[in-house]
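Take a look at the structure below.
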């Protein structure tokens with residue numbers, strides 16, 4: 001029969017392992033996704049500066065308008081088709 005101290009040691013090891021896995025994930029983000037997102041942000045800012053903020057805003061406003069025609073059904077014949 002395992003005693004309470006063995007259970008507490010296992011719980012503590014699991015708890016520390018949780019933080020170790022979190023640290024691994026954080027470090028992988030710092031060498032992977034964070035630089036990528038930073039470069040995409042810089043590229044978008046450069047593109048906006050080249051095209052012009054007013055033109056970008058007009059494009060965004062047109063893209064956000066409601067369509068006069070409904071969008072086509074992506075799954076014709078499915079249960080959620082009307």
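The values are calculated or read from the model by the stated rules, or taken from the named source; none is laboratory data. Owing to the predicted nature of the structure, the values given are computational and were not obtained by experimental measurement. Don't worry about glycine lacking a Cβ; one is built from the backbone with ideal geometry, like all the others, and counts go over all protein chains shown.
Just a few scattered comments:
- Hey, residue 8 surrounded by 10 or more Cβ atoms within 10 Å (Cβ to Cβ), under 21 Å from the mean Cα position of the chain (by Cα) and assigned to a helix (DSSP H, G or I) or not: no
- Qualifying residue in the range 27-46 (condition: more than 22 Å from the chain's Cα centre (by Cα), in a helix (DSSP H, G or I) and either on the phi < 0 side of the Ramachandran plot or surrounded by 10 or more Cβ atoms within 10 Å (Cβ to Cβ) (or both)): yes
- Within this structure, residue 54 fails the test of being outside any helix (DSSP H, G or I) and free of Cβ contacts under 8 Å to residues at least 24 places away in the same chain.
- Of the residues making up the range 57-76, those that are surrounded by fewer than 10 Cβ atoms within 10 Å (Cβ to Cβ), in a loop (DSSP other than H, G, I, E, B) and at pLDDT 75 or above are 64, 65, 66, 72, 74, 75, 76.
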